[in-house]
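Chemist: Starting off with a structure, shown below.
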Amino acid sequence: MPPEIPKAYEPQEIEKRWAQSWFEEKLFRADPKAAGPVFSIALPPPNVTGSIHIGHMLEHTQIDILVRWRRMNGYNTLWLPGMDHAGIAAQYVVERQLALQNITRQQLGREEFERRVWKWKEESGDTIKRQMIRLGASCDWTRERFTLDPPLYRAVLEAFLRLYREGMIYRARYMVNWCPRCQTAISDLEVQHNERNGKLWHIRYPIVGSDEFIVVATTRPETMLGDTAVAVHPDDERYKHLIGRKALLPLMDREIPIIADEFVDREFGTGAVKVTPAHDPNDFEMGKRHNLPQIDVMTNDAHMSDAAGKYVGLDRYVARKNIVADLQTLDLLERVAEHTHAVGVCARCNSEIEPRLSVQWFCKMKPLAESAARVVRDKLISVVPENWEKVYLDWMDRIYDWCISRQLWWGHRIPIWYCADCNAMTPARDSRVEIVEGRAQAASVPEKCCVCGSSKLTQETDVLDTWFSSGLWPFSTLGWPDETEDLRVYYPTSLLISGYDILFFWDARMIMMGLHLVDRAKIEERIPFHRLYLHSIVRDPHGMKMSKTRGNVVDPLELTEKHGTDALRFALAVMAAPGTDIALSEDHILSYRAFANKIWNAARFLFFNLEKIESLGVTLEDLAAPEIRAAAPYKNGGELELADRWIFSRMATVRDEISDAFETFRFHEAAHVIYHFFWGDFCDWYIEWVKPRLGVAERDAALATWRNLFSVFEAALRLLHPFMPFLTEELWHKLPQRVGAKSIALEQFPVARPDWRDADAERQMALLQEIIVASRNLRAEIKVDPKKKIAAEFAATEPAVRALVEANLDSVLHLATLSELKISSGRFDSSGGATRSTAQFDLRIAHSEPVDTKAEAIRLRKEIDRLAKDIEAKRTRLADDTFRSRAPEQVVRSLESTLAGRQAEHQKLQERLKQIESNSN
RNA sequence: AGGCCCGUAGCUCAGUUGGUUAGAGCGCUACCUUGACACGGUAGAGGUCUGGGGUUCGAGUCCCCACGGGCCUACCA
């Protein structure tokens with residue numbers, strides 16, 4: 001069997017095969033009736049705007065690691081996948097495609113446009129699903145959800161109408177962020193602020209009935225057409241005499257009042273500010289305070305409106321240019337200053353946002369935010385990394401109402417109807433709307449106006465902000481508003497893993513919505529998740545944010561094809577230290593591809609050698625004894641070998657370290673631990689250590705050796721499985737299997753075995769390793785042919801040390817490539833060969849060739865120097881009474897014993913140095 | 001403007017309550033094609049933790065300041 005296993009691990013075929021099999025077998029289907037504690041997690045639904053990117057990959061890797069780990073620990077595990085319709089984002093993608101054919105959505109009409117987006121959704125959704133399957137995400141695809149599907153629409157209706165009836169949702173004319181390209185309102189969170197170099201125009205407004213001017217400073221001269229006042233600070237001596245008088249608005253020849261308002265900053269600009277209530281949030285507020293008219297001088301697409309006088313029809317930037325030029329001509333432009341300021345742009349399409357008055361739907365946030373803040377403050381939801389908790393709470397404290405309506409075509413249409421006869425909205429706030437399952441949309445269409453009874457009803461054309469439906473995700477996907485079995489069992493979910501960039505958009509809103517809408521008595525049963533882990537952002541190798549425009553995006557599928565999913569997953573895990581962003585380069589992945597290859601080859605070695613023992617009459621089935629699964633050390637008759645005690649002890653430690661790390665999202669730590677255990681402890685030491693034993697003819701001894709070797713290997717595969725699901729699945733199936741065993745993913749994660757911890761074995765092994773390394777080191781130094789077995793001498797004053805070496809002589813000889821090791825008591829006097837000394841032993845290799853004494857002397861001096869400094873520092877510390885009295889005794893003790901060791905070593909090295917110096921003279 | 005994070009080996013980064021000689025991967029040097037693995041093995045070089053001050057018996061780890069880099073939130077026209 002072994003020869004056909006390729007020498008290098010080739011993941012491509014293997015991964016595809018298992019990915020397909022897991023999916024088809026519905027291996028990760030959750031059963032609410034299954035035993036065990038519940039671990040449930042909802043996939044942050046990817047937007048149907050294309051395909052999986054590396055950020056998704058990181059997120060899914062982290063989720064998958066924890067999900068697989070919990071599943072293997074016997075949890076009733078659900079990872080529910082799905083996708084988000086991503087209102088504005090998806091609509092924008094399709095609009096861009098249409099633009100390539102010079103078609104606008106208006107030309108297509110709403111119905112046809114929606115059809116196109118659905119088509120796009122199918123494609124994109126399929127791609128994403130295929131990719132996730134290929135990348136090994138162990139989610140339950142039988143429960144896949146999409147935010148626009150009927151059951152979820154039902155949840156949206158229920159949520160909207162409930163909030164509406166409660167007065168939490170209202171309609172109002174208000175200042176919103178308007179994207180002139182998308183032609184919709186967007187929420188404050190969807191506005192990005194970019195620093196830009198702009199100008200500050202100083203414009204003279206003539207005072208009516210005087211030849212005086214008042215000079216205002218503005219970054220947006222085109223909005224002056226809508227000015228309805230000029231404001232100054234009430235205590236500003238420069239302008240006090242003008243308060244209450246009128247200014248003549250240039251270009252429009254409109255008289256506007258000069259008002260006093262504390263909002264005005266005397267230090268900024270000229271201390272006089274033009275007030276445009278329809279085009280600036282501050283001016284809007286000021287306008288309300290002073291009862292100013294609101295003149296909207298722009299259209300939906302940011303051209304000048306009828307109210308803009310002779311500038312009507314001009315694009316806003318053209319209008320700006322013309323207005324500045326006209327002011328110049330009229331000698332009303334006092335000066336132009338350079339000015340950097342933050343310009344709001346649409347997060348989707350990058351167009352400059354126009355603050356604008358319009359009638360929109362809003363959701364009251366204060367009451368929701370209060371309880372959402374409380375559950376975090378009370379630790380009902382724990383936030384990791386912790387510093388995000390503060391960010392979250394700050395935001396909750398300063399929250400204001402959420403504009404939930406969008407003038408888009410792709411999304412959940414707001415379930416409100418307007419009456420053509422009486423203008424009333426149906427349903428009425430106090431009405432009860434019955435929603436019939438399966439016919440949610442149809443059933444909720446009212447037949448007549450709730451006020452006048454007219455049947456001339458038109459539905460609101462606006463749709464809901466996409467985050468409105470996302471906010472219901474953890475419970476809408478489980479069947480809410482019905483108290484389904486899934487909802488009962490899997491809600492609240494155990495954990496949310498999301499990027500910190502959507503903490504406010506999504507995480508916070510799920511908390512608010514869950515608390516408010518899920519009907520359960522106890523608050524801790526209404527929260528959407530118990531823990532919130534915010535993962536880092538993947539950046540390019542230079543730490544830059546990946547973006548399509550920068551051209552530095554990496555395609556996870558491409559990387560996967562090249563190096564294997566497991567390698568990429570492991571690389572992501574290793575770099576996923578909480579709270580730090582990840583700079584991903586291909587080199588990283590290569591390191592872990594090498595690791596996968598290492599595992600593969602360790603397996604090859606084991607399988608390859610099976611032949612040898614088969615000739616002993618030991619069969620695969622013998623190795624399949626329960627010990628393998630329980631991973632218990634196997635004794636051949638009496639005592640366990642030191643190396644066996646050691647590797648099992650290490651494994652017990654490693655298992656616990658990995659578990660602890662997973663509990664606290666320290667993926668990098670868990671990955672490091674298993675990496676070094678497998679490569680360092682298992683491959684470099686354990687396998688090499690037992691190699692000579694493998695040829696032993698005696699059946700029981702051979703069996704013991706092989707069983708232990710396989711036990712450790714098999715357990716290591718299970719430890720590795722959450723990180724590298726494909727490779728471990730493949731190798732695990734090559735091992736002897738219990739009948740009916742389907743997948744390593746359904747096997748048990750190694751259990752805690754404190755009884756395997758063996759401090760003696762670890763200490764002894766460490767000492768033997770030190771001896772072996774010292775020997776190799778000497779050999780390298782005197783340039784002995786690496787393959788040549790040579791004789792060495794060993795001296796130690798401690799009888800126990802000598803006994804230890806004696807007892808493990810064969811292994812030491814083998815690993816140090818020695819023909820013999822003469823053991824004696826006492827210590828060497830640093831002559832007669834190359835010597836290495838430590839506090840506990842001396843090792844000497846006789847050799848006639850003169851060693852490079854100069855290099856050796858340099859090395860020794862350096863080492864002696866370092867030791868001397870260290871000893872000095874420790875002596876001083878120990879001589880300090882305050883230290884002795886204040887530091888814990890344990891610290892003092894260990895310092896003392898370390899000092900003794902250092903001193904012994906120091907002395908030995910000095911003797912060696914003297915020796916060398918006298919020899920060379 | 002406020003807040004957050006980062007600055008540790010040539011590079012990319014770890015370093016959980018402060019406590020022995022600060023770690024890893026890549027890269028580098030020397031030797032090794034040894035039947036698991038050159039995506040390998042063995043041995044080695046290389047940081048005093050951005051700078052300054054403080055708290056402490058003891059600080060990469062806590063506090064303050066400075067410098068450098070990044071991010072988020074913000075209604076100063």
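Chemist: Just to confirm my filter: which helices (runs of 4 or more DSSP H) fall fully inside the range A:75-156 and include at least 3 residues that are open to solvent by 60 Å² or more (accessible area, probe 1.4 Å)?
Modeler: Result: A:87-100, A:110-134.
Chemist: For residues that are within 19 Å of A:ILE864 (Cα to Cα), open to solvent by 50 Å² or more (accessible area, probe 1.4 Å) and within 6 Å of RNA strand B (Cβ to nearest atom), tally how many sit in the range A:886-901.
Modeler: 0
Chemist: Would you please name the residue that is surrounded by the fewest Cβ atoms within 10 Å (Cβ to Cβ), looking only at residues in the range A:387-433 that are among the aliphatic types (A, V, I, L, M) and in contact with a strand residue (DSSP E or B) (Cβ under 8 Å, 6 or more places away or on another chain)?
Modeler: Among those that are among the aliphatic types (A, V, I, L, M) and in contact with a strand residue (DSSP E or B) (Cβ under 8 Å, 6 or more places away or on another chain), it is A:ALA420.
Chemist: As an exercise: evaluate A:ARG165 against (1) open to solvent by 40 Å² or more (accessible area, probe 1.4 Å); (2) more than 30 Å from A:PHE468 (Cβ to Cβ) and give the number of the one condition it does not meet.
Modeler: Here A:ARG165 clears every test but (2).
Each row is one residue, and each column tells you yes or no for (1) closer than 15 Å to A:LEU746 by Cβ; (2) assigned to a helix (DSSP H, G or I); (3) in contact with an Asp or Glu (Cβ under 9 Å, 6 or more places away or on another chain).
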| site | (1), (2), (3) |
| --- | --- |
| A:LEU27 | yes, no, no |
| A:PRO32 | no, no, yes |
| A:ILE41 | no, no, no |
| A:PRO45 | no, no, yes |
| A:SER51 | no, no, yes |
| A:HIS56 | no, yes, no |
| A:ILE63 | no, yes, no |
| A:VAL67 | yes, yes, no |
| A:ARG71 | yes, yes, no |
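Chemist: Just checking, does the range A:470-479 include any residue being under 25 Å from A:ALA185 (Cβ atoms) and either within 16 Å of RNA strand B (Cβ to nearest atom) or not in a helix (DSSP H, G or I) (or both)?
Modeler: The answer is yes; a qualifying residue exists.
Chemist: While we're here: Is there any pair linking a residue in the range A:392-403 that is touching a residue at least 12 places away in the same chain (Cβ under 8 Å) to one that is of a type in the set (A, V, I, L, M, F, W, C) and within 11 Å of RNA strand B (Cβ to nearest atom), with Cβ under 6 Å and at least six apart or on different chains, and which?
Modeler: So the pair list comes out as A:TRP395/A:PHE504.
Chemist: Testing A:ARG17 on (1) more than 20 Å from the chain's Cα centre (by Cα); (2) farther than 30 Å from A:SER585 by Cβ; (3) open to solvent by 10 Å² or more (accessible area, probe 1.4 Å), one condition comes back false. Which one is that?
Modeler: (2)
Chemist: Residues of the range A:774-783 being open to solvent by less than 50 Å² (accessible area, probe 1.4 Å) and under 22 Å from A:GLN840 (Cβ atoms), which ones? If you could, list the steps in order and put the result at the bottom.
Modeler: Of the range A:774-783, the ones open to solvent by less than 50 Å² (accessible area, probe 1.4 Å) are A:774-775, A:778-779, A:782.
Within the range A:774-783, A:ALA774, A:SER775, A:LEU778, A:ARG779 qualify.
Chemist: When you go through A:ALA697, A:ALA716, A:ALA701, A:ALA661 one by one, which is the residue that is touching a residue at least 60 places away in the same chain (Cβ under 8 Å) and open to solvent by less than 10 Å² (accessible area, probe 1.4 Å)?
Modeler: None of the others qualify; the one that does is A:ALA716.
Chemist: Moving to a separate point now. From (1) at pLDDT 90 or above; (2) away from RNA strand B (no atom under 14 Å from the Cβ), pick out the condition that doesn't hold for A:HIS290.
Modeler: That leaves (1) as the condition not met.
Chemist: Condition test on A:ASP188, is it within 10 Å of RNA strand B (Cβ to nearest atom), over 16 Å from A:ALA272 (Cα atoms) and not polar (S, T, N, Q)?
Modeler: In short, yes.
Chemist: Moving to a separate point now. Can you name the residue in the range A:787-797 that is more than 8 Å from RNA strand B (Cβ to nearest atom) and assigned to a loop (DSSP other than H, G, I, E, B) and, of all such residues, is modelled with the lowest pLDDT?
Modeler: Pass one, the range A:787-797, residues more than 8 Å from RNA strand B (Cβ to nearest atom): A:788-797.
Subset that is assigned to a loop (DSSP other than H, G, I, E, B): A:788-789, A:797.
Values: A:LYS788: 85, A:LYS789: 88, A:THR797: 88.
Looking at the filtered set, the residue picked out is A:LYS788.
Chemist: Return the total of residues in the range A:274-296 being closer than 14 Å to A:MET224 by Cβ and within 45 Å of the chain's Cα centre (by Cα).
Modeler: 8
Chemist: Turning to a different aspect of this structure: Can you tell me which residue within the range A:583-592, out of those that are at pLDDT 75 or above, within 7 Å of RNA strand B (Cβ to nearest atom) and of a type outside the set (Ser, Thr, Tyr), is surrounded by the fewest Cβ atoms within 10 Å (Cβ to Cβ)?
Modeler: Per the stated criteria, the residue is A:ASP587.
Residues checked against (1) modelled with pLDDT of 90 or more; (2) farther than 27 Å from A:ASP644 by Cα; (3) open to solvent by 60 Å² or more (accessible area, probe 1.4 Å):
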{"site": "A:ARG738", "(1), (2), (3)": "no, no, yes"}
{"site": "A:ALA745", "(1), (2), (3)": "yes, no, no"}
{"site": "A:TRP756", "(1), (2), (3)": "no, no, no"}
{"site": "A:GLN769", "(1), (2), (3)": "yes, no, no"}
{"site": "A:ILE772", "(1), (2), (3)": "yes, no, no"}
{"site": "A:ASP785", "(1), (2), (3)": "no, yes, yes"}
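Chemist: Listed residues A:ARG509, A:ARG569, A:ARG526, A:ARG539; which is modelled with pLDDT of 90 or more, open to solvent by less than 60 Å² (accessible area, probe 1.4 Å), closer than 28 Å to A:ALA596 by Cβ and of a type in the set (D, E, K, R)?
Modeler: Only one candidate passes the filter, namely A:ARG569.
Chemist: Tell me, which residue of the range A:385-432 that is within 16 Å of RNA strand B (Cβ to nearest atom) and assigned to a strand (DSSP E or B) is farthest from the chain's Cα centre (by Cα)?
Modeler: Looking at residues that are within 16 Å of RNA strand B (Cβ to nearest atom) and assigned to a strand (DSSP E or B), I get A:CYS403.
Chemist: I've got another one for you. Looking at (1) among the hydrophobic types (A, V, I, L, M, F, W, C); (2) within 16 Å of RNA strand B (Cβ to nearest atom); (3) over 27 Å from A:LYS7 (Cα atoms); (4) in contact (Cβ under 8 Å) with a residue 24 or more places away in the chain, can you tell me which one A:LEU804 breaks?
Modeler: (2)
Chemist: Going by what's in this entry, would A:HIS733 be described as under 39 Å from the mean Cα position of the chain (by Cα) and surrounded by 15 or more Cβ atoms within 10 Å (Cβ to Cβ)?
Modeler: no
Chemist: Cβ-Cβ below 6 Å, separation at least six or inter-chain, first residue in the range A:666-686 and more than 9 Å from RNA strand B (Cβ to nearest atom), second open to solvent by 10 Å² or more (accessible area, probe 1.4 Å): which pairs?
Modeler: A:ALA671/A:VAL574; A:VAL673/A:GLU657; A:ASP681/A:ARG650
Chemist: Quick check on this structure: which one of A:HIS193, A:HIS202 is within 16 Å of RNA strand B (Cβ to nearest atom) and at pLDDT 90 or above?
Modeler: Residue meeting the stated conditions: A:HIS202.
Chemist: Being crowded, with 21+ Cβ neighbours inside 10 Å and either assigned to a loop (DSSP other than H, G, I, E, B) or away from RNA strand B (no atom under 16 Å from the Cβ) (or both) narrows it down to one residue among A:VAL264, A:VAL216; which is it?
Modeler: A:VAL264
The values are calculated or read from the model by the stated rules, or taken from the named source; none is laboratory data. Everything numeric in this text was worked out from a predicted model, so none of it was measured. All Cβ positions, glycine included, derive from the backbone under ideal geometry; neighbour counts span all protein chains shown. Note: areas computed on protein heavy atoms with side chains; ligands, DNA, RNA excluded. Shrake-Rupley method; radii C 1.70, N 1.55, O 1.52, S 1.80 Å.
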